[in-house]
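The values are calculated or read from the model by the stated rules, or taken from the named source; none is laboratory data. Given the structure is predicted, the values throughout are model-derived calculations rather than measurements. All Cβ positions, even for glycine, are placed from backbone atoms using ideal geometry, and neighbour counts span all protein chains on display. Ligands, DNA and RNA are stripped out before the accessible areas are found, and what is left, the full protein with its side chains, is counted by its heavy atoms. Shrake-Rupley method; radii C 1.70, N 1.55, O 1.52, S 1.80 Å.
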Amino acid sequence: TGYSQFDLLQKIRYQINDYMNIDANIQYSTSSDIPRFDQLSLRDEVGLVPNFSEWNYGPQDRFLASLKYKWIQDVRFWDEMIVIASFQDLQESRITRNFNSNFRELRIEDVGVYGLTVDANKKWKKNWSRSIFYGLDYNYNQVSSRASRENIVNGTTDSELFTRYPSGGSSANNFGAYVELIHTTPDSVLNFHAGLRYSYFNTDVLFKPSDPIQWPDYFYDGIFSSNDALTWSGGLNINAGKGWILNFLASTAFRSPNVDDIGKLRVKADNLTVPNPELSAERTINFETNIQKRFSNFAEFNVT
């Protein structure tokens with residue numbers, strides 16, 4: 001079940017001046033086929049005949065290129081600002097053949113990821129030590145999925161095989177903007193932080209009429225999901241003295257369905273899981289309290 005892997009990494013830094021620099025980051029990695037031991041070890045009901053003759057991840061190829069601009073200087077709006085633009089291209093595949101079968105199935109996924117992030121922070125002091133962190137990020141993901149079946153005896157191939165992800169292509173856009181404030185008293189007795197983030201997600205998947213599965217008609221027009229949310233968090237840390245520390249935290253969270261949730265096909269035994277275009281976003285509200293007491297240098301007591 002061994003496999004081989006090859007990685008290349010190159011980083012280049014250009015120092016513009018005493019305050020600014022640019023980093024270029026280039027990475028490439030590839031691998032041989034990677035056997036799935038847990039699948040290859042499966043047997044029939046009496047434990048004699050293997051389920052699979054082949055179950056491999058195909059070569060996993062990844063290319064990354066990014067540029068990072070950093071500005072460290074005490075100016076009006078920040079002490080430090082970082083801007084990162086990046087691109088990734090990823091390809092992975094699955095190769096399977098049932099035991100004693102003449103047909104090998106190949107499924108290939110290609111993913112392109114485009115990203116841009118901007119982060120900044122500023123710190124100042126009056127009666128309290130105050131810091132502000134703010135920024136935004138954007139990601140665009142494009143997924144293509146294809147599948148084929150090969151006859152290992154005569155070498156013929158056909159594409160009458162369903163793909164793991166929508167055959168017409170999928171895409172997802174993610175945008176977020178955030179701000180966080182941190183306040184600390186000069187004696188560090190109180191530490192308070194509050195954060196706010198706006199997130200927007202949309203996912204678009206499309207199926208081809210030529211798929212071996214007959215989908216509902218509206219699947220061929222594309223399935224579109226769009227969600228947004230304003231989430232927040234707040235926390236208070238109190239160093240009460242005599243070894244007592246109190247922590248209080250409250251927050252909300254948000255997760256929008258992605259391409260994997262909406263468009264992925266899953267097959268297990270005789271069960272087929274199909275896309276659900278009615279999926280909605282997940283939202284949570286969280287509360288946490290922690291009390292810590294230090295009795296000596298060697299003993300602590302925690303209640304959460």
Please list, in order along region 77-91, the HN-Hα scalar couplings obtained from phi with the Karplus expression 6.51 cos²θ - 1.76 cosθ + 1.60 (θ = phi - 60°), rounded to whole Hz, x for Gly and Pro. 9, 7, 9, 8, 9, 10, 10, 10, 10, 9, 9, 10, 10, 10, 9
At 37 °C and 0.692 mPa s, grab the translational diffusion coefficient of the chain from Stokes-Einstein with a Kirkwood Rh over Cα pairs, rounded to a whole number in µm² per second. 136 µm²/s
Could you give each residue of region 280-294 its phi-based ³J(HN,Hα) in whole Hz, using Karplus coefficients 6.51, -1.76, 1.60 with θ = phi - 60°, and x for Gly or Pro? 10, 6, 9, 9, 9, 10, 10, 10, 8, 10, 9, 10, 10, 10, 9
In cubic angstrom, how much convex hull volume per residue do the alpha carbon atoms of region 1-142 span? 171 Å³
With Cβ to Cβ distances under 11 Å as the rule, what net charge do the other residues near residue 19 carry (K, R +1; D, E -1)? -3
For the pair residue 285 and residue 196, how long in nm is the line joining their label points, each one 7 Å along Cα→Cβ? 1.9 nm
Among 241-250, 283-292, 188-197, the order from most to least packed when residues are scored by Cβ within 10 Å on average: 188-197, 241-250, 283-292
Region 5-40: trypsin sites (Lys or Arg not before Pro) in DSSP loop, at most 11 other beta carbons within 10 Å: none
Given 0.36 nm per residue, what is the gain on full extension from residue 236 to residue 16 after removing their alpha carbon distance, in nm? 75.2 nm
At 1.4 Å probe radius, can you tell me the per residue accessible area of region 1-55 in Å²? 74 Å²
Counting only heavy atoms of the protein chains, get the accessible area per residue of region 99-209 (1.4 Å probe) and round it to a whole Å² value. 53 Å²
Check: region 169-304 dipole with +1 on Lys, Arg Cβ and -1 on Asp, Glu Cβ, in debye: 600 debye
Taking the Cα atoms of region 171-304, report the difference between the largest and smallest coordinate on each principal axis, in whole Å and largest first. 72, 36, 18
For the chain, with all protein chains present and a 1.4 Å probe, just round the carbon and sulfur fraction of the accessible area to a whole percent. 55 percent
What percentage of all Cα-Cα pairs in region 87-235 are separated by more than 26 Å? 53 percent
Cα principal axis extents for region 157-236, largest first, Å: 72, 26, 15
Where N is the number of residues in region 33-101, Cα Rg divided by 2.2 N^0.38 Å: 2.17
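Can you check what the net charge comes to around residue 108, using other residues whose Cβ is under 10 Å from the Cβ of residue 108 (Lys, Arg +1; Asp, Glu -1)?
Charge balance near residue 108 sits at +1.
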Considering the options 232, 254, 6, tell which one lies farthest towards the positive end of the dipole of the chain, charges being +1 on Lys and Arg and -1 on Asp and Glu at the Cβ, about the Cα centre. 232
